[in-house]
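Only one structure is covered here, and it is reproduced in the block below.
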């Protein structure tokens with residue numbers, strides 16, 4: 001009997017590695033042939049092994065007129081040649097190109113993993129253009145997997161699709177957290193290693209951010225908020241875990257030179273750096289469901305994040321963290337100050353957050369629910 005064929009597509013390798021590939025092993029074990037596609041699969045192939053087929057399909061991030069004109073036709077040719085039974089795509093550009101190509105090729109199941117809405121946070125003509133492209137992706141997909149309930153409700157209110165077209169996996173999110181990487185019995189060991197690397201963190205209450213240092217991640221508001229905190233308190237430090245994207249505004253440059261502000265640069269050991277921290281500050285403008293917040297909860301950190309779809313559903317406001325207003329440095333400052341001012345409450349929030357992560361966002365639960373959801377789509381198509 002011919003194997004059923006599944007194809008999973010993202011624009012860049014990190015999305016395949018972090019959010020897609022692990023959910024596909026179960027399908028390989030069940031006799032499916034799974035192909036993973038992104039701009040460059042070298043890293044994915046190295047990390048995930050030979051259980052899958054790999055195809056490189058070079059795509060640019062951001063708006064590219066040439067890609068919009070060319071890539072859908074490349075995907076059409078690819079899908080016609082491969083005759084997949086099920087195509088799943090995530091991230092804005094890959095999803096747009098794959099949705100057009102799969103629809104034209106007549107792929108029976110076209111699942112759009114809408115783990116974020118590309119035009120949120122934009123304005124003017126760019127917002128209008130991106131909304132048209134997002135609507136097209138949704139329209140050409142047979143099914144949609146939303147990141148969270150609030151993301152789903154927002155998309156429906158925007159007219160992107162009807163509610164009965166979309167599902168949420170569990171309580172929201174992608175594939176959950178691998179709790180083995182967030183072993184609390186090793187937290188002190190990890191913390192000591194980070195303090196040895198950055199002695200200034202010793203005896204400090206450490207606030208961290210994780211991810212790209214960029215405007216849409218709220219990084220600039222965080223630097224502003226920390227500037228106020230640092231002038232009021234000697235016992236706080238800021239650990240910014242990740243790379244810098246774009247240029248930091250001139251008025252923020254002096255803050256980046258404080259000895260209590262540390263930039264780690266890229267690391268694949270986020271869990272170890274988190275272990276040295278007390279609070280995750282995640283003031284993003286837009287999110288799908290935020291794996292970073294789930295991981296911080298797993299490492300037993302208290303959370304201060306923005307009241308937007310996704311983050312506001314990962315935490316329980318006032319119980320495992322505090323919600324603040326997006327694009328608002330003053331609101332972020334007040335949220336962080338509130339957390340820092342009651343250490344006993346902060347510790348209890350962190351403990352409760354870990355329990356919430358274990359119950360709702362552990363990887364084994366999410367992988368099981370993801371497999372059941374994808375199988376239900378395939379069984380529905382057979383009927």
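The values are calculated or read from the model by the stated rules, or taken from the named source; none is laboratory data. Computed from a predicted model, the values in this text were never measured in an experiment. Positions of Cβ are generated from backbone atoms using ideal geometry, with glycine treated the same way; all protein chains shown enter the neighbour counts.
Please find, within the stretch 26-46, the residue that is farthest from the chain's Cα centre (by Cα) out of those that are outside any helix (DSSP H, G or I) and over 16 Å from residue 74 (Cβ atoms).
Residues of the stretch 26-46 that are outside any helix (DSSP H, G or I), as a first pass: 30-41.
Remaining after also requiring over 16 Å from residue 74 (Cβ atoms): 30-34, 36.
Numbers: 30: 28, 31: 29, 32: 27, 33: 26, 34: 23, 36: 19 Å.
Here the residue is 31.
For the stretch 161-177, name all the residues that are out of contact with any strand residue (DSSP E or B) (no Cβ under 8 Å at 6 or more places or on another chain) and either in a helix (DSSP H, G or I) or at pLDDT 95 or above (or both).
162, 163, 164
Among the residues of the stretch 238-248, is there at least one that is assigned to a loop (DSSP other than H, G, I, E, B), crowded, with 20+ Cβ neighbours inside 10 Å, at pLDDT below 95 and in contact with a helix residue (DSSP H, G or I) (Cβ under 9 Å, 6 or more places away or on another chain)?
So the first thing to find is which residues in the stretch 238-248 are assigned to a loop (DSSP other than H, G, I, E, B), and the list is 243, 245-248.
In the following step, the residues that additionally are crowded, with 20+ Cβ neighbours inside 10 Å were identified as none.
Checking the stretch 238-248: not a single residue is assigned to a loop (DSSP other than H, G, I, E, B), crowded, with 20+ Cβ neighbours inside 10 Å, at pLDDT below 95 and in contact with a helix residue (DSSP H, G or I) (Cβ under 9 Å, 6 or more places away or on another chain).
Could you please tell me which pairs satisfy a Cβ distance under 6 Å, a separation of 6+ or placement on different chains, a first residue in the stretch 205-222 that is within 17 Å of residue 308 (Cβ to Cβ), and a second residue that is at pLDDT 95 or above and assigned to a loop (DSSP other than H, G, I, E, B)?
Sorted first by the residue in the stretch 205-222, then by its partner, the pairs are 218/283; 221/283; 222/283.
Whether any residue in the stretch 140-159 is touching a helix residue (DSSP H, G or I) at 6+ places or on another chain (Cβ under 7 Å), farther than 25 Å from residue 314 by Cβ and in a helix (DSSP H, G or I) is what I want to check.
yes
Considering only the stretch 13-40, how many residues are out of contact with any strand residue (DSSP E or B) (no Cβ under 9 Å at 6 or more places or on another chain) and more than 23 Å from residue 177 (Cβ to Cβ)?
2
For residue 281, all conditions in the list (1) touching a helix residue (DSSP H, G or I) at 6+ places or on another chain (Cβ under 6 Å); (2) part of a strand (DSSP E or B); (3) surrounded by fewer than 18 Cβ atoms within 10 Å (Cβ to Cβ) hold save one; what is the number of the exception?
(3)
For the subset of the stretch 117-139 comprising residues that are surrounded by fewer than 18 Cβ atoms within 10 Å (Cβ to Cβ) and not in a helix (DSSP H, G or I), which member is modelled with the highest pLDDT?
Selected residue: 123.
Does the stretch 65-82 contain any residue that is part of a loop (DSSP other than H, G, I, E, B) and assigned by TED's automatic domain parsing to the domain that holds residue 141? If you could, list the steps in order and put the result at the bottom.
Let us first name the residues in the stretch 65-82 that are part of a loop (DSSP other than H, G, I, E, B), namely none.
Scanning the stretch 65-82 turns up no residue that is part of a loop (DSSP other than H, G, I, E, B) and assigned by TED's automatic domain parsing to the domain that holds residue 141.
If I ask for residues that are free of Cβ contacts under 8 Å to residues at least 60 places away in the same chain and buried (at least 19 other Cβ atoms within 10 Å of the Cβ), which ones from the stretch 1-31 would you list?
Of everything in the stretch 1-31, those that are free of Cβ contacts under 8 Å to residues at least 60 places away in the same chain and buried (at least 19 other Cβ atoms within 10 Å of the Cβ) turn out to be 13, 16, 17, 21, 24.
Look at the stretch 289-307 and say how many of its residues are under 15 Å from the mean Cα position of the chain (by Cα) and surrounded by fewer than 24 Cβ atoms within 10 Å (Cβ to Cβ).
Within the stretch 289-307, residues that are under 15 Å from the mean Cα position of the chain (by Cα) and surrounded by fewer than 24 Cβ atoms within 10 Å (Cβ to Cβ) number 2.
Could you pull out the residue among 185, 95 that is within 22 Å of residue 364 (Cα to Cα) and part of a helix (DSSP H, G or I)? Break it down stepwise before answering.
Working: 95 fails: within 22 Å of residue 364 (Cα to Cα).
That would be 185, the only listed residue that is within 22 Å of residue 364 (Cα to Cα) and part of a helix (DSSP H, G or I).
Quick one: count up the residues across the stretch 250-278 that are more than 25 Å from residue 43 (Cα to Cα) and not in a strand (DSSP E or B).
Going through the stretch 250-278 one residue at a time, the tally reaches 15.
Would you say residue 263 is within 29 Å of residue 192 (Cβ to Cβ), in contact with a strand residue (DSSP E or B) (Cβ under 6 Å, 6 or more places away or on another chain), surrounded by fewer than 17 Cβ atoms within 10 Å (Cβ to Cβ) and touching a residue at least 40 places away in the same chain (Cβ under 8 Å)? Give the steps one after another, and end with the answer.
Values: within 29 Å of residue 192 (Cβ to Cβ): yes; in contact with a strand residue (DSSP E or B) (Cβ under 6 Å, 6 or more places away or on another chain): yes; surrounded by fewer than 17 Cβ atoms within 10 Å (Cβ to Cβ): yes; touching a residue at least 40 places away in the same chain (Cβ under 8 Å): yes.
Spelling it out, residue 263 is indeed within 29 Å of residue 192 (Cβ to Cβ), in contact with a strand residue (DSSP E or B) (Cβ under 6 Å, 6 or more places away or on another chain), surrounded by fewer than 17 Cβ atoms within 10 Å (Cβ to Cβ) and touching a residue at least 40 places away in the same chain (Cβ under 8 Å).
Filtering the stretch 49-66 down to residues that are more than 15 Å from residue 7 (Cα to Cα) and under 24 Å from the mean Cα position of the chain (by Cα), which residue is surrounded by the most Cβ atoms within 10 Å (Cβ to Cβ)?
Looking at residues that are more than 15 Å from residue 7 (Cα to Cα) and under 24 Å from the mean Cα position of the chain (by Cα), I get 59.
What is the one condition in (1) closer than 30 Å to residue 378 by Cα; (2) over 20 Å from the mean Cα position of the chain (by Cα); (3) surrounded by fewer than 18 Cβ atoms within 10 Å (Cβ to Cβ) that residue 107 does not satisfy?
Status for residue 107: all satisfied but (3).
Which helices (runs of 4 or more DSSP H) sit wholly inside the stretch 286-383 and have at least 2 residues that are touching a residue at least 40 places away in the same chain (Cβ under 8 Å) and under 30 Å from residue 144 (Cα atoms)?
On the way: elements: 291-298, 311-314, 329-340, 343-360, 363-382.
Per the criteria, 291-298, 311-314, 343-360, 363-382.
If a residue must be on the phi < 0 side of the Ramachandran plot and out of contact with any helix residue (DSSP H, G or I) (no Cβ under 9 Å at 6 or more places or on another chain), how many such residues does the stretch 46-57 contain?
So in the stretch 46-57, the residues on the phi < 0 side of the Ramachandran plot come out as 46-48, 50-57.
Cutting the leftovers down to out of contact with any helix residue (DSSP H, G or I) (no Cβ under 9 Å at 6 or more places or on another chain) gives us 46, 50, 53.
Of the residues in the stretch 46-57, 3 are on the phi < 0 side of the Ramachandran plot and out of contact with any helix residue (DSSP H, G or I) (no Cβ under 9 Å at 6 or more places or on another chain).
Please go through the stretch 226-237 and pick out each residue that is under 20 Å from residue 282 (Cα atoms) and part of a helix (DSSP H, G or I).
Selection gives 226, 227, 228, 229, 230.
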